[in-house]
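Peer 1: This is the structure, below, for whatever I ask next.
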Amino acid sequence: MASATLRDVRFAGMATCVPRRVVSNLLDCRPQQRAERERLVRNIGIEFRRLANPWQCFSDLAYIAAEALLEKLQWAREEVDALIVVTQSPDYLIPATACILQDRLRLRTGVIAFDVNLGCSGYPFGINVLGSLIATGGVRKGLLLVGDRCASLEDPIFSDAGTATALEFSPGAPPMFFDLNTDGSGYKAIMLPAGGGRDPFNARHLLPVREDENGRWHYPDELILDGTEVLAFSTRRVPPAVEAILAYAGAAKEEVDWFVFHQANRMINETIRRKLALPEEKVPSTLRDFGNSSGASLPVTITARLREALSTAGKKRLLLSGFGVGLSWGNCLVTLENAVFPELLET
């Protein structure tokens, strides 16, 4: 495992933007799917999801979140030294979406801007990447934009969201602790097989390959998700990683105010919570209302469930845990004080 400590880096604030359109897994489906969807909602806990308009990209949501955060922080745009985008839903394969957003956000041309291709684990990794740039002293203020556009009417799991997080150099800020890990041998558990260099997109990807029991045809360019393997991976890897970062930071579970986990599904998250013997009130969930929003699920949960508590005076300690695509898993233990959290934004 890769454990690290960042010092003199302050978590200044965070904003979250979701599509206004709400999709119901129980109502927005074919009649023949209703019984299956009812079982699914009971098992995975996802009843509602947010679905972007056909013309919206992840970057449109992240742009709105970033604008709101900059306004709330009262940061001048020329103060921003770095813009890191963590997504698996780029506007284009080339160029990096961070370059496009640098221009849309009217940031100076001297800004560092690049993309990181990570999904469910992306938020802790992204904080580490941006925080490391700041800890060196070369970057004073930076924005981390995380999220994906991955929802569809047919898929009952995923939801769309874009988020912005602001970090800044602040001598004496409470240290941030990280535990970041990767096991690429399991890459096939969650993958989009077509469209890359191994299997470039061509006409055959437009032809359906099988019809399921609900009459839906599936195509070779769809996401592959091995639920059994993901369940085994998550429940095997995450609990010891949480214990490891607590030991590394010299912190007891009782000293952490909230444990915010990637919103995978209820079965996975409940298994992790029980293995760690965490009380329900310390483990906020947005699965029912927002589904699985990939790398944005941690910020979505913080904004939707903890915003008011985090806006009050006093230090709050959060353990942030992301896990999934890669396979990869990362944990971050961060102390927040006087950070800003705009209300949940909708577009």
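Peer 1: Could you compute the net charge surrounding residue 205? Neighbours are other residues with a C-beta less than 12 Å from the C-beta of residue 205; K and R count +1, D and E count -1.
Peer 2: For residues surrounding residue 205, the net value is -2.
Peer 1: Note down the magnitude of the dipole of the range 73-193 about its Cα centre, charges +1 on Lys and Arg C-beta and -1 on Asp and Glu C-beta and zero elsewhere, to the nearest 20 debye.
Peer 2: The dipole magnitude comes to about 340 debye.
Peer 1: Also, I was wondering about something else. In µm²/s, what is D for the range 138-272 at 10 °C and 1.306 mPa s, where D = kT/(6 pi eta Rh) by Stokes-Einstein and Rh is the Kirkwood radius from Cα pairs?
Peer 2: 84 µm²/s
Peer 1: Sum up the charges of everything whose Cβ sits under 15 Å from the Cβ of residue 233, counting Lys and Arg as +1 and Asp and Glu as -1, but leave residue 233 out.
Peer 2: Neighbour charge sum, excluding residue 233 itself: +1.
Peer 1: Here's something else I'd like to know. Using +1 on the beta carbon of Lys and Arg, -1 on that of Asp and Glu, and nothing else charged, what's the dipole of the range 137-190 about the Cα centre, debye to 20?
Peer 2: 320 debye
Peer 1: Antiparallel versus total DSSP beta bridges in the chain: what percent is that, nearest 5?
Peer 2: Antiparallel bridges: around 70 percent, rounded to the nearest 5.
Peer 1: A further question follows. Can you list which of the chymotrypsin sites (Phe, Trp or Tyr not before Pro) found in the range 1-63 are DSSP loop residues with at most 15 other C-beta atoms within 10 Å?
Peer 2: Here the chymotrypsin sites (Phe, Trp or Tyr not before Pro) that fit, given the DSSP loop and packing criteria, are 55.
Peer 1: Would you mind getting me the FRET efficiency between residue 270 and residue 2? Use the beta-carbon distance for r and R0 = 25 Å, nearest 0.05.
Peer 2: 0.35
Peer 1: Once label points are set 7 Å from the Cα along Cα→Cβ at both residue 104 and residue 221, what is their separation, rounded to one decimal in nm?
Peer 2: 2.2 nm
Peer 1: Residue 117 versus residue 56, label points 7 Å from Cα toward the beta carbon: distance in nm?
Peer 2: In this crude label model, residue 117 to residue 56 measures out at 2.6 nm.
Peer 1: Rank 306, 131, 27 by how far each Cα sits towards the positive end of the charge dipole of the chain (+1 on Lys, Arg Cβ; -1 on Asp, Glu Cβ) and give me just the farthest.
Peer 2: My answer, from the dipole projection, is 306.
Peer 1: Rounded to whole Å and ordered largest first, report the semi-axes of the equivalent ellipsoid of the chain derived from its Cα gyration tensor (root of 5λ).
Peer 2: After scaling each eigenvalue by five and taking roots: 31, 24, 19 Å.
Peer 1: Further question on the same structure: Going highest first, how would you order 327-335, 92-100 by mean Cβ packing within 10 Å?
Peer 2: In descending order of packing, they fall as 327-335, 92-100.
Peer 1: May I ask you to compute the full-extension gain from residue 71 to residue 231, defined as 0.36 nm times their residue separation minus their alpha-carbon distance, rounded to one decimal in nm?
Peer 2: Here the segment from residue 71 to residue 231 would lengthen by 53.6 nm.
Peer 1: Given contacts defined as C-alpha pairs under 8 Å and at least six residues apart, what's the relative contact order of the range 1-61, whole-number percent?
Peer 2: 41 percent
Peer 1: Could you size up the charge dipole of the chain around its Cα centre, putting +1 on the beta carbon of Lys and Arg and -1 on that of Asp and Glu, and report it in debye to the nearest 20?
Peer 2: The dipole magnitude comes to about 340 debye.
Peer 1: When the chain is fully extended, how far beyond the present Cα-Cα distance does residue 136 get from residue 203, taking 0.36 nm per residue of separation?
Peer 2: 19.3 nm
Bear in mind that the values in this text are calculations on the coordinates, not laboratory data. Bear in mind the structure is a predicted one, so any value in this text is a computation, not a measurement. Methodologically, a virtual Cβ is constructed for each residue, glycine included, from the backbone with ideal geometry; neighbour enumeration extends over all protein chains shown.
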